[in-house]
Amino acid sequence: MMVVGNRKKIVISMVILLVIAAIGGGIWLFSLVSTEVKAAEVSSTQTPLKMSAYYIVLSEPFIFNVSGKERDRVVQIKVQLMVRGEKNEALAKKHVPLVESVLLQIFAATTVEQLRQPQGREQLRQQALTAVQATMNKMTNMPVVERVLFTGFVMQ
């Protein structure tokens, strides 16, 4: 009888150990899969930021008139586009005439008072970026351009 009781305890202990091992293995496997999914999500969202930055110089500065309360002014803005990766560089270069047209429309709608203030120029730069990205989205299904940079600004 003692032998049967000991065997029963050993079998129960083995079953408990197997259940614990199965639960532990399941938790380990779940955490491994969860970690891989999170890593994939992070890498997919960070990939554009890890790609090299390329700068597309728009060859001619934008020269346009803006109206003001006292008098009209002539403004000249030199622009560069910042993109990430060679694919976006090629797409941006391909659509430079369209981008220039969009930028000219945005710039022509501004006022002297807006351009006199640093925050007004920053607002114009943001408007330019939004318009360029929207246009590129229509053409390529991607925003393509990460930043619109003003590399020269003169108002006379």
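The values are calculated or read from the model by the stated rules, or taken from the named source; none is laboratory data. Given the structure is predicted, the values throughout are model-derived calculations rather than measurements. Here the Cβ positions follow ideal geometry from the backbone for every residue, glycine too, while neighbour counts run over all protein chains shown. SASA here: full protein model, heavy atoms, side chains in, ligands and nucleic acids out. Shrake-Rupley method; radii C 1.70, N 1.55, O 1.52, S 1.80 Å.
Computed from the C-beta positions of residue 113 and residue 142, the FRET efficiency with R₀ = 25 Å rounds to 0.10.
When only alpha carbons are used to place a centre, the range 49-68 and the range 99-138 end up 10 Å from one another. Here the simple spin-label model places points 7 Å from the Cα toward Cβ, and for residue 74 and residue 101 these points are separated by 2.6 nm. For residue 119, neighbours were defined as the other residues whose beta-carbon sits under 12 Å from its Cβ, and their charges (Lys and Arg +1, Asp and Glu -1) total +1.
Just to verify a number: FRET efficiency for residue 28 and residue 51, C-beta to C-beta distance, R0 = 30 Å, to 0.05? Kindly include the intermediate steps, with their values, before the conclusion.
Numbers: r = 34 Å, r/R0 = 1.14.
The computed FRET efficiency comes out at 0.30.
Ligands, DNA and RNA left out, the accessible area of the range 87-156 computed with a 1.4 Å probe is 53% carbon and sulfur.
Tell me, what is the per residue accessible area of the range 79-156 in Å², probe radius 1.4 Å?
On the way: 4110 Å² over 78 residues.
Value returned for the range 79-156: 53 Å² of accessible area per residue.
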